[in-house]
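To start, the structure itself, in structure tokens.
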Amino acid sequence: MSRARRLSRVAALQMTSLRSDIAARARTLLRDGYELHLASNRDVISRLDMEPLGIRVSPWDFLAPAAGAWSVADLMRIYAVLNAAAFDAKGIPIPTWVMIDLGLLPSAFMLVTLPRGHAAQVADEARTAGDAAGARTAQILDAVLAEADRLGHAGPIPLAGYCAAPTPDPSAWVGWSLCSAVPGLGTVAKGLALAAYRARTLTGVAQFSDHGLRVHRKFGRMEILRAVLDLHPVTHTLVYRTSVFDDGDEAEGGEPSFWLGIRDLEAQRAIQGRLDSGASRFFILSPGLVDDRVPILERH
């Protein structure tokens, strides 16, 4: 068997393992009292897979009248605070109108939630963990819970969420909203959402320095479409396309051609030059980010 075929087989097994791992983690979350929801509207919900990876998720129609003591509208306002707190260092929170026009109307947010009391307990446990990750989780959840208090919201509290936008190709989506207060929940939210959308390719924007790059890289072969995106307000931004749940022959086990510094704009512009000339294609290898470098595979 050729090396390329061996790598392809390894990649297929890894992607199968990822799907199984996400499903297993989702089942564990459900057993632990978490809930999984798709927030959208009735027309979109009717076209989505409501059992992604075999996991039953519940729909929320934000256009429907409130049926109880809380509203989906308030929950999405709280989600906006979750997103803003998660991205405060970048200064690129989601405006509410964008959340509606780009997410709730044409697509759906996959949300991981907890009852309010349980969410407060998670914040307290994170606060006493004594490490940076715990402090960060507590900081984000404190902001989220404060917004719930301000709104008088008695419903579930979002702890993580993901949304991608559809394109004219039903199998091609554009990711634009991934945030999580608790490490690990973002992978579950993104995996279930992509399965619910039946996405085969995913185009997205990220920063070379973003830890979310590690989440994005888990989902398959990740090709750089643009290494420098000057139009974006955050520096060191790239555009990538992922073959969802498919590593192809850019599989794990492939050695990087070089390691890219996350703030090395000169090197990033050099990659862009080779992309513009058609001389090379570039792929981000797993795990996507190691300290302050990204493993890059160059294909001529």
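The values are calculated or read from the model by the stated rules, or taken from the named source; none is laboratory data. Being a predicted model, the structure only gives us computed values, none of them experimental. A quick note on method: Cβ atoms are made from the backbone with ideal geometry, for glycine too, and the neighbour counts reach across all protein chains shown.
Listing for the model above:
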{"item": "Filter result for the condition that a residue is touching a Pro at 6+ places or on another chain (Cβ under 9 Å) and touching a residue at least 24 places away in the same chain (Cβ under 8 Å), over LEU202, LEU213, LEU185, LEU151", "result": "LEU213"}
{"item": "Positions within region 178-195 being surrounded by fewer than 24 Cβ atoms within 10 Å (Cβ to Cβ) and either of a type in the set (S, T, N, Q) or over 20 Å from ASN83 (Cα atoms) (or both), in sequence order", "result": "THR187, ALA195"}
{"item": "Residue identified as in a helix (DSSP H, G or I), more than 22 Å from LEU38 (Cα to Cα), hydrophobic (A, V, I, L, M, F, W, C) and modelled with pLDDT of 95 or more among ALA133, ALA146, ALA195", "result": "ALA146"}
{"item": "Identity of the residue in region 166-192, of a type in the set (Val, Ile, Thr) and in a helix (DSSP H, G or I), that ends up farthest from SER243 (Cα to Cα)", "result": "VAL188"}
{"item": "Residue match in region 151-159 (condition: at pLDDT below 95, under 16 Å from the mean Cα position of the chain (by Cα), surrounded by fewer than 22 Cβ atoms within 10 Å (Cβ to Cβ) and under 23 Å from LEU38 (Cα atoms))", "result": "no"}
{"item": "Verdict on ALA172 being within 15 Å of the chain's Cα centre (by Cα), surrounded by fewer than 19 Cβ atoms within 10 Å (Cβ to Cβ) and either among the aliphatic types (A, V, I, L, M) or at pLDDT below 95 (or both)", "result": "no"}
{"item": "Verdict on VAL112 being surrounded by fewer than 15 Cβ atoms within 10 Å (Cβ to Cβ) and either under 21 Å from the mean Cα position of the chain (by Cα) or part of a helix (DSSP H, G or I) (or both)", "result": "no"}
{"item": "Residue within region 94-110 that is more than 30 Å from ARG198 (Cβ to Cβ), at pLDDT below 95 and in the same structural domain as ALA39 (by TED's automatic domain parsing) present", "result": "no"}
{"item": "Residue among LEU48, LEU30 that is surrounded by 13 or more Cβ atoms within 10 Å (Cβ to Cβ) and touching a residue at least 60 places away in the same chain (Cβ under 8 Å)", "result": "LEU48"}
{"item": "Some residue of region 152-161 being among the small types (Gly, Ala, Ser), closer than 27 Å to SER40 by Cβ and touching a Lys or Arg at 6+ places or on another chain (Cβ under 6 Å)", "result": "no"}
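One line per residue, one yes/no per condition, for (1) in the same structural domain as ALA135 (by TED's automatic domain parsing); (2) in a helix (DSSP H, G or I); (3) touching a helix residue (DSSP H, G or I) at 6+ places or on another chain (Cβ under 7 Å); (4) of a type in the set (Ser, Thr, Tyr):
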site	(1), (2), (3), (4)
ASP49	yes, no, yes, no
ARG56	yes, no, no, no
GLY68	yes, no, no, no
TYR79	yes, yes, no, yes
ASN83	yes, yes, no, no
